[in-house]
Amino acid sequence: MNEQAIVAEMVRYINTTLEQAHATFGDLPICPFVRQARLNHKVEFFVYPFESQDILNSDSRLFTTIRAFFQNPNQDVLVVIHPDPEAFDFPQFQSYLDQLNTQLHAAELIAFGGHPHDLFNVQGVRTRQDPFINFTVQSKEKLEQASTQLLKTGYYKNWSDENLRSIRSL
């Protein structure tokens, strides 16, 4: 599958799953802010076969792309998509994200992922079981602002304590 087809599949998934209102989330979409960001061209998709050694090299193509992206004040969300949906098993990917977040911490950025085998769910609704292994990089500040806004709604009403702990640990 070429890069254009991979991005098209991710956008289709975002449109048909993450942007759809759902009763479990207080009749808000699974990802309430993605539609506006996408329509306002604040989301960039980067198809890249990331590997564990990328995290160890601050001059890698991955980190060069992340730095360049966040130097542009008109961008908010970078979605890095691995072209091989089986490149990492889920525990390996979680370890990768933990290491990546250690590297991103000083820049006040955070990465969170989606994986075809991620079992995370809120009352049976799988929110991170994406068609490709991917991670989203965002400003911690903007993510915290969005989460604060959602606290004023019914978005988190069906989340278990374990679900809430998983997002607080980001």
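The values are calculated or read from the model by the stated rules, or taken from the named source; none is laboratory data. What you see is a predicted model; the values in this text were computed from it and never measured. Counting neighbours? That spans all protein chains shown, and the Cβs are built from the backbone with ideal geometry, glycine included. For the accessible areas, the whole protein counts, side chains as well, though only heavy atoms, and no ligand, DNA or RNA atoms are used. Shrake-Rupley method; radii C 1.70, N 1.55, O 1.52, S 1.80 Å.
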Quick one: what do you get for the chain if you divide its Cα Rg by 2.2 N^0.38 Å?
0.99
On the accessible surface of segment 48-88, probed at 1.4 Å, how many percent belong to carbon and sulfur atoms?
48
Calculate the dipole size of segment 1-138 relative to its Cα centre from +1 charges on Lys and Arg beta carbons and -1 charges on Asp and Glu beta carbons; express the result in debye to the nearest 20.
400
Which value in nm describes the separation of the simple spin-label points at L164 and A106, placed 7 Å from the Cα toward the beta carbon?
3.5
Within segment 1-83, list the GluC sites (Glu not before Pro) lying in a DSSP loop whose Cβ has at most 15 other Cβ atoms in a 10 Å radius.
E51
Hey, which lysines would be in cross-link range of K152, C-alpha to C-alpha under 20 Å, not counting anything within fewer than 8 residues on its own chain?
K140, K142
Relative to the longest principal axis of the chain, what angle (0 to 90°, nearest 10) does the C-alpha long axis of helix 140-151 take?
10
Choose one answer from Q145, Q103, Q94: the residue with the largest mean-square fluctuation in a GNM of the chain with alpha-carbon springs under 10 Å.
Q145
If each part is reduced to its alpha-carbon centroid, segment 91-170 and segment 1-64 end up apart, in Å, by 12
Note: E86 to L150 extended length (0.36 nm per residue) minus current alpha-carbon separation gives 19.8 nm
Accessible surface, the chain, averaged per residue in Å² (probe 1.4 Å):
55
Listed residue (T127, V7, L39) projecting farthest to the positive dipole end of segment 1-132, Cβ model
L39
Please determine, in degrees from 0 to 90 and to the nearest 10, the orientation of helix 3-13 with respect to the longest principal axis defined by the Cα atoms of the chain, where the helix direction is its Cα long axis.
10
